[in-house]
Amino acid sequence: MTATDTERAQALQALRATLAGCSQCGLHKGRTQVVFGAGNPEAALMFVGEGPGFHEDRQGEPFVGQAGKLLNELLGRIGLNRADVYIANVVKCRPPENRDPTPDEIAACSPHLMRQIEIIRPRVVCTLGRFATKLLAGTDLGMTAIHGKAKAMTLAGVDTIVFPVFHPAAALYTPANRQVLEADFAKLRPLLDRGLAAMSPGTAGAGEYMTAGVTEPEAPAEAAAPEAPVGTAGVEAPAGTTGLEAPVDALAGRSRPPLQRTEQLPLW
Ligand code: URA
């Protein structure tokens, strides 16, 4: 293990410890435990879901239920497994009855997600579904417009590529949605290997780009649902936590090899 591994793992561990008894929002009342996140602290690819469900709340790990099984399968199809990536959620405690997280809950919890991004410094952040996408992709465009498309962004002071896909739960019982998700996942590999150089102009409008060689799939059923107004963009980080434009800390001095940027691309 390199010093970098150790530092990142230790920083995540320290953050996990500070959140173990978190009561910053009402979700703490119904949780079994905080579901902090899991995976490789050195991951180049980070997934961000919505929030823990029943099984995640019980087991303390994200995406261990049916949606998690599908996520594992999708990862396997591109030659990755959970140990290669890092998985976290927008909110770290289970919303009762699996309801949507509220804007207040997201605002309270998102600084912790930003700190995880700051520590891990992923090359690609794949947002799973509309809540993570709304929070991180910095756009009001819906999932139908931007799933499977990439955008260079700076999150928590980290230069990264945000890549929205539909939530695996939307594909569990709908084969058409699953095909869309598989097609979008297929783009992750070239994106990880070549950064934005893997992207080529798309067809949906000016400034949009698609991964070369991958055709645009049809919008899945989730796309028909109205976008929930999460409204957390620009949320101020509470004292002692890290916001979108997080200050540079000791970890931030070390960086991954630069992304290949042949063009400056707002991709959606
Ligand atoms: N769905 C999510 O968004 N996150 C989980 O951890 C599990 C299911």
Given the conditions (1) within 16 Å of Val125 (Cα to Cα); (2) more than 10 Å from the ligand (Cβ to nearest atom); (3) of a type in the set (Val, Ile, Thr), every one holds for Thr32 apart from (1)
Which ranges mark the strands (runs of 3 or more DSSP E) fully within region 79-192 that have 2 or more residues being under 29 Å from Arg31 (Cα atoms)? 86-89, 124-128, 158-165
Tabulated pairs, region 34-45, first closer than 17 Å to Glu105 by Cβ, second assigned to a strand (DSSP E or B), C-beta under 6 angstrom, 6+ apart or interchain: Gly37/Ala88
Residue pairs, Cβ under 6 Å, 6 or more apart or interchain, first in region 166-184 and β-branched (Val, Ile, Thr), second in a helix (DSSP H, G or I) and at pLDDT below 95. List them. Thr174/Ala221
Take the residues in region 45-78 that are within 11 Å of the ligand (Cβ to nearest atom) and part of a strand (DSSP E or B); name whichever of them is nearest to Val124 (Cα to Cα). Phe47
Test: residue in region 87-102 that is in contact (Cβ under 8 Å) with a residue 60 or more places away in the chain, within 16 Å of the ligand (Cβ to nearest atom) and farther than 20 Å from Leu128 by Cβ: yes
Where the second residue is assigned to a loop (DSSP other than H, G, I, E, B) and within 7 Å of the ligand (Cβ to nearest atom) and the first is more than 19 Å from Val85 (Cα to Cα) and lies in region 52-70, which pairs have Cβ atoms under 8 Å and are six or more apart or on separate chains? Gly53/Gly65; Phe54/Gly65; His55/Gly65; Asp57/Val35
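The values are calculated or read from the model by the stated rules, or taken from the named source; none is laboratory data. Bear in mind that the values here come from a model prediction, so they are computed numbers and not experimental data. Cβ sites come from the backbone with ideal geometry, for glycine too, and all protein chains shown count toward neighbours.
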